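This report refers to the structure that appears directly beneath it.
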Amino acid sequence: MSEGHQFSQYSEKVIDHFTNPRNLGEIKDADGVGEVGNAKCGDVMQLFIKVKDDKIEDAKFKTFGCCAAIATSSMITGMIKGKSLSQLNEVTNQAVAEALGGLPKTKLHCSVLAEDALKAAIGDYYQKRNTKK
Amino acid sequence: MKPTNFDHLSCTPILSEVREAMMPFLSEDIGNPLSRHIFGDRPRKAIEDARAKVAGLISASPEEIIFTSCGSESNNLALKGIAYANAKRRHIIASPIEHHSVIHPLKRLEKQGYEISWLRVDEKGRVSWKELTSLIRNDTALITVTSASNEIGTLEPIKEIGRIAQEKGVIFHTDAVACVGSVPIDVKEMNVDLLSIAGNVFYGPQGTGALYVKSGVMIFPLIEGGIQEGGLRAGTHNVAGIVGMGVAAQIAKEKLLERREYLLNLRDKLIKGILKTIPDCFLTGDQTNRLPNHASFCIKFIEGESILLHLNLKCIAGTSGSTCSSEALKVSHVLESIGIDPIWAQGSVVFTFGIDNRLDEVELFLKELPPIVDRLRMMSPLTKANNIEQFRYKK
């Protein structure tokens, strides 16, 4: 079986975002979608963004994965909402993990996944915008 | 709320009779069993008495029992002890669904030049004993097959394997940690040469284990030093622990059938209930030929650690073989070996019962689980309607 469980290592904030995730769902007419991870390894993150005047107007997520994956998805969507595209590079995996009051060492890759999902969503947004032009 | 322990293969509660029997050896009767003065007398007598009780549980003779510190140590001692005592034989046959405390020593032996042949298992987790004969070589030192995997609960054909091993003159070890106390074990009838057990899965204390080594079978010690345990396991005895395991073994033997019946009822109610109330969920391991206290499933489209954490918030304890619930971030090798799609293996949950569980706990659990599953499925991009193949590869 899995070698050692680690629920008790999660901060209260992680548990809060895990049990009451913010910004859960899909955006049907999203301007950018980022999808990272793979189900075989235990996590898939989908991040949807709506952009208006170079600002993140709305962000939502769907996540298959552990507590840390769900909590980081919830946290990152909240952190990027209202930010301008140029400010998004502040939203790093460390920033997300810190905002959650830290993550267990073995779970830090979940915050990397969240940052990757954001990058993928922005990449998708620029690509869609460029093809429109 | 009183917490519900559905993780008894990790640890069972200690029986009050066990605790009481241990207490004198944590207070007035402190002494080293090896001492030839008065302080050694009671501890020495107590561990020999415990040895007879542990032997009784598995129908062995007392001199065939070596006390260890846990099931993992028993497994390590069996595997390395046999390998090192038979240095010319460099081949071992093993099942791929062994506990880590068997797999990891085998991997080490492999690095040291031993060759390991892995037996096949079917999709129910039953080891293919029929191919055993064809795998046995002149230099086969050992066959090791678990009596039941703690992850899927399937009872293995130990008697059949033991018979072939005996006919071919190959030493046979079984890790019976998950079985002892809820399944009748008779080492003579099973034809096993070595058998591992742990006290903390049959209501004895943690930090206790034993290895049965059949008379005449030679092993090398892992811990060398004093002459404890016939020189095969040096180190001052854990007297209180051993005494506790002895009492637990005696009670386990007396109550084995009664406990079995009790646990079977809880198990079957839970399995039936889950399969009825949770769609897209399947049992892992064999439905009937399994440990009486074991129920394991894969719940599709969601991840095991998330399920367990939600259950934990409802004061219900279970375990999982998913990647994320493992410190090593690896999916369960047992689920992999029986051919379960790694995507579904992420939704693995395992529940193991004990005599302290009550039917109303199972009923409450069956009410608590479905909303948790629904909630997590609502969050998941994996759904029945979506083609899951699109999520299989790294993005």
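Since every read-out is calculated from the coordinates, none of them should be taken as a lab result. For clarity, every value in this text was computed on a predicted model and none was experimentally measured. So basically every Cβ, Gly included, is an ideal-geometry build from the backbone, and we count neighbours across all protein chains shown.
Cross-link reach is defined here as a Cα-Cα straight distance under 24 Å, omitting same-chain residues fewer than 8 places apart; for B:Lys269 the lysines meeting it are B:Lys2, B:Lys124, B:Lys255, B:Lys300, B:Lys314, B:Lys367.
Grab the Cα-Cα distance for B:Glu110 and B:Phe220, subtract it from 0.36 nm times how many residues apart they are, and report the gain in nm with one decimal.
Details: separation 110, 0.36 × 110 = 39.60 nm, distance 1.79 nm.
Here the segment from B:Glu110 to B:Phe220 would lengthen by 37.8 nm.
Among residues other than B:Gln346 whose Cβ falls under 10 Å from its Cβ, what is the net charge (Lys/Arg +1, Asp/Glu -1)? Neighbour charge sum, excluding B:Gln346 itself: -2. When restricted to Cα atoms, region B:259-367 yields an Rg and a Dmax of 13.4, 37 Å, respectively. Relative protection proxy for A:65-75, B:317-327, from highest mean packing down: A:65-75, B:317-327 (other beta-carbon atoms within 10 angstrom). Computed over chain B with a Gaussian network model linking Cα atoms closer than 10 Å, the most mobile of B:Ala328, B:Ala249, B:Ala345 is B:Ala328.
Give me a single rounded figure for B:383-394: the average over its residues of other chain Cβ atoms within 10 Å of their Cβ.
3
Electrostatic tally near B:Lys124: other residues with Cβ closer than 12 Å to its Cβ, Lys and Arg +1, Asp and Glu -1, net -2.
For chain B, taking a cut-off of 4.7 Å between Cβ atoms, the unpaired cysteines are B:Cys11, B:Cys70, B:Cys179, B:Cys281, B:Cys298, B:Cys315.
With only the Cα atoms considered, region B:16-252 has a convex hull volume of 109 Å³ per residue. Of the GluC sites (Glu not before Pro) found in region B:16-56, the ones in coil according to DSSP and having at most 11 other Cβ atoms within 10 Å of their Cβ are B:Glu28. Each listed q (0.06, 0.08, 0.09, 0.10 Å⁻¹) maps to a log10 I(q)/I(0) for chain B, found by the Debye formula over equal Cα scatterers with no solvent: -0.25, -0.44, -0.55, -0.68. Hull volume per residue, based on the alpha-carbon atoms of region B:259-310 and their convex hull, is 89 Å³. For the protein assembly as shown, the residue among B:Phe39, A:Ala97, B:Ser74 whose Cα projects farthest onto the positive side of the dipole built from Cβ charges is A:Ala97.
Compute the orientation-averaged projected area for region B:2-79 from the convex hull of its Cα atoms and round it to one decimal in nm². Could the numbers behind the result be given before it?
Details: hull surface 29.6 nm².
With every direction weighted equally, the projected area is 7.4 nm².
Residue by residue along A:41-54, Cβ atoms of other protein chains within 10 Å of the local Cβ number 3 on average.
Return the FRET efficiency for the residue pair B:Lys168, B:Ala87: r is the Cβ-Cβ distance, R0 is 25 Å, and the value is rounded to the nearest 0.05. Working from the Cβ atoms, E equals 0.80.
Over its Cα atoms, what ratio of radius of gyration to 2.2 N^0.38 Å does region B:134-180 give?
Values: Rg = 11.5 Å, N = 47, 2.2 N^0.38 = 9.5 Å.
Here the Cα radius of gyration is 1.21 times the empirical estimate.
As an exercise, take the mean of 1/r over every pair of distinct alpha carbons in the protein assembly as shown, invert it, and state the Kirkwood radius in angstroms. Display every interim value, and only then the final one.
On the way: mean 1/r = 0.0400 Å⁻¹.
After inverting the mean inverse Cα-Cα distance, the result is 25.0 Å.
For region A:1-121, the Kirkwood hydrodynamic radius from C-alpha pairs, put into Stokes-Einstein at 10 °C and a viscosity of 1.306 mPa s, yields a diffusion coefficient of 112 µm² per second.
Could you work out the mean count of beta carbons from other protein chains within 10 Å of each residue's beta carbon in B:326-334?
Working: counts 8, 8, 4, 7, 3, 4, 2, 1, 1.
Per residue, the average neighbour count from other chains is 4.
Across chain A, the mean sequence separation of Cα contacts (distance under 8 Å, 6 or more residues apart), normalised by length, yields a relative contact order of 30 percent.
Normalised by residue number, the volume inside the convex hull of the Cα atoms of region B:1-144 is 188 Å³ per residue. Using the Cβ-Cβ distance between A:Ser84 and A:Lys13 with R0 set to 35 Å, the FRET efficiency works out to roughly 0.85. The mean sequence distance of close C-alpha pairs (under 8 Å, at least 6 residues apart), as a share of the length of chain B, puts its relative contact order at 21 percent.
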